[in-house]
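What follows draws every value from the coordinates through simple rules; no lab data is involved. Nothing here was measured: the structure is a model prediction, and the numbers come from that model. Virtual Cβ from ideal backbone geometry, glycine too; neighbours counted across all protein chains shown.
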Amino acid sequence: MEIVVACLLLWLIGLGALGMFFFDRLLKFEYENYKGYWEKDNKPLGYFWSPDPSDAPALYFLNIKSFRAKYKCYFVWMFVTPVWVTNDSLARIYLWGYRLSALAFFRQF
């Protein structure tokens, strides 16, 4: 029984990390290619990504505006495709990767 629980836990951690990876890639892509939209989204920062590499990602929760912007994008993009994604194939791949991994993660509960 313990091995089943351990495997399930590893599966959930992997799905969660995959969702964070795709979400971070999508934010970085928005920042690099559609900076106006990124600023309009209130400059969200990723889980492991920041436009300034010297920033410490663990301290992002101290910046409440960025923290709220991240989670707004996290939940809105789950159901609504941003305008800047519609005509960009790489952005669509990141968005669908994020959606599928998040859906698989939340489906487990």
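Once you list every other residue whose beta carbon is under 14 Å from the beta carbon of Tyr74, what net charge do they have if Lys and Arg are +1 and Asp and Glu are -1?
With Lys, Arg at +1 and Asp, Glu at -1, the net is +2.
Treat the count of other C-beta atoms within 10 Å as a stand-in for reagent exposure and order Cys7, Cys73 from fewest to most.
Least crowded to most crowded, the residues run Cys7, Cys73.
Between Trp11 and Asn63, 0.36 nm times their residue separation minus their Cα-Cα distance comes to what?
Between Trp11 and Asn63, full extension yields an extra 15.6 nm.
Looking at the stretch 2-107, what % of the alpha carbon pairs are farther apart than 24 Å?
26 percent
Going by C-beta contacts inside 10 Å, put Met1, Met20 in order with the fewest on the left.
If I rank by nearby Cβ atoms, fewest first, I get Met1, Met20.
Restricting to DSSP H runs of at least four residues, report the calculated mean residue ellipticity at 222 nm for the chain, -39500 (n - 2.57) per run over all residues, nearest 500 deg cm²/dmol.
So the calculated ellipticity at 222 nm is -22500 deg cm²/dmol.
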